[in-house]
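What follows is a single structure, written as structure tokens, with notes after it.
The values are calculated or read from the model by the stated rules, or taken from the named source; none is laboratory data. Everything quoted here is computed from the prediction, not taken from an experiment. Here the Cβ is made from the backbone with ideal geometry for all residues, glycine too, and neighbour counts use every protein chain on show.
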Amino acid sequence: MNFDVVTLFPEMIESPFAGSIIGKAVSKELIHITAHNLRNWAEGRHLVTDDTPYGGGAGMVMKPEPICRAIEHLKQQRPGAKVIMMTPQGKTFNQHAAETLSAEAGLIFICGRYEGFDERIRSYVDAEYSIGDFVLTGGELPAMVMIDAIARLLPGVLGSAGSAEADSFSDGLLEHPHYTRPAEFMGKQVPEVLLSGNHARIAAWRRSQQLQRTLQRRPDLLDKVHLTDEDLAELKRLRQIL
């Protein structure tokens with residue numbers, strides 16, 4: 001899958017993806033991440049990409065011409081790729097969005113700076129995303145967050161095919177606790193059920209822990225996920241004891 005990032009600071013994109021799991025996926029050519037300098041599509045001696053806002057006000061606004069040229073150029077190279085604008089006004093990115101976007105042929109991320117984009121750019125994009133209700137200095141970090149979340153869902157990127165399936169939010173709930181050796185650490189024991197070898201008991205314990213952790217930390221998620229009769233009974237029990 002191709003990830004193209006249009007930015008004024010391409011050096012920000014290159015280093016974070018050089019190592020770890022994503023770096024290995026790049027070296028294996030499972031994914032391709034390319035940073036494009038927006039100034040490549042700017043004109044004039046100074047390659048200007050921003051200007052003062054009509055009507056007055058503080059800050060500068062990203063000009064439409066360079067960004068639209070960049071989109072048109074990259075769309076020719078990546079037929080079928082979706083154009084994603086990074087903006088605090090976009091819909092909030094989540095695991096479901098990552099799963100949906102992982103099925104696309106490719107993604108072109110447009111990273112803004114300053115006070116944002118000329119409004120006319122929006123007609124050239126397919127979707128607008130934010131990673132939360134806060135403002136950063138640019139769209140590069142949100143784009144990198146999205147690329148990481150999407151890329152790890154692609155075939156072969158993670159070492160274990162089941163790793164992504166067990167992540168928090170993959171089934172709408174938070175993930176259950178994990179333990180590894182030693183069986184005792186600083187007086188704290190690994191739950192006995194995980195040592196039992198009884199896979200049915202382990203699965204039931206993990207589901208109960210998911211429900212408990214979600215109930216305690218993100219109860220809002222429980223209204224959005226499909227719960228079985230067994231889940232509802234377990235939630236009722238948990239509410240009585242917590």
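Does the stretch 91-106 include one or more residues that are touching a helix residue (DSSP H, G or I) at 6+ places or on another chain (Cβ under 6 Å), closer than 22 Å to Tyr54 by Cβ and surrounded by 14 or more Cβ atoms within 10 Å (Cβ to Cβ)?
no
Scan the stretch 59-76 and tell me whether some residue there is in contact with a strand residue (DSSP E or B) (Cβ under 8 Å, 6 or more places away or on another chain) and among the polar types (S, T, N, Q).
No - not one qualifying residue is present in the stretch 59-76.
Quick one: count up the residues across the stretch 97-123 that are assigned to a strand (DSSP E or B) and at pLDDT below 95.
Matching residues across the stretch 97-123 total 1.
Please go through the stretch 198-242 and pick out each residue that is within 25 Å of the chain's Cα centre (by Cα) and of a type in the set (Val, Ile, Thr).
Thr214, Val225
So in the stretch 76-96, with the set limited to residues that are among the small types (Gly, Ala, Ser) and in a loop (DSSP other than H, G, I, E, B), which one is nearest to Ala143 (Cα to Cα)?
Going through the qualifying residues, I end up with Ala81.
Going by the structure shown, is Gly80 in contact with an Asp or Glu (Cβ under 8 Å, 6 or more places away or on another chain) and modelled with pLDDT under 95?
The answer is no for Gly80.
Of all the residues that make up the stretch 13-22, how many are closer than 22 Å to Ala81 by Cα and surrounded by fewer than 18 Cβ atoms within 10 Å (Cβ to Cβ)?
Residues in the stretch 13-22 being closer than 22 Å to Ala81 by Cα and surrounded by fewer than 18 Cβ atoms within 10 Å (Cβ to Cβ): 1 in total.
If only one of Gly159, Gly132, Gly172 is in contact with a helix residue (DSSP H, G or I) (Cβ under 9 Å, 6 or more places away or on another chain), of a type in the set (Gly, Ala, Ser), part of a loop (DSSP other than H, G, I, E, B) and modelled with pLDDT of 95 or more, which one is it?
Gly132
Can you pull out the residues in the stretch 117-151 that are acidic (Asp, Glu) and within 24 Å of Ser102 (Cβ to Cβ)?
Once the filter is applied, which keeps residues that are acidic (Asp, Glu) and within 24 Å of Ser102 (Cβ to Cβ), the stretch 117-151 yields Asp126, Glu128, Glu140, Asp148.
With Phe3, Phe17, Phe93 as the choices, which residue is touching a strand residue (DSSP E or B) at 6+ places or on another chain (Cβ under 8 Å), at pLDDT below 95 and closer than 30 Å to Asp167 by Cα?
It is Phe17.
Would you check which residues across the stretch 179-225 are loosely packed, with under 13 Cβ neighbours inside 10 Å, part of a helix (DSSP H, G or I) and of a type in the set (A, V, I, L, M) and list them?
Passing the criteria: Leu195, Ala200, Ala203.
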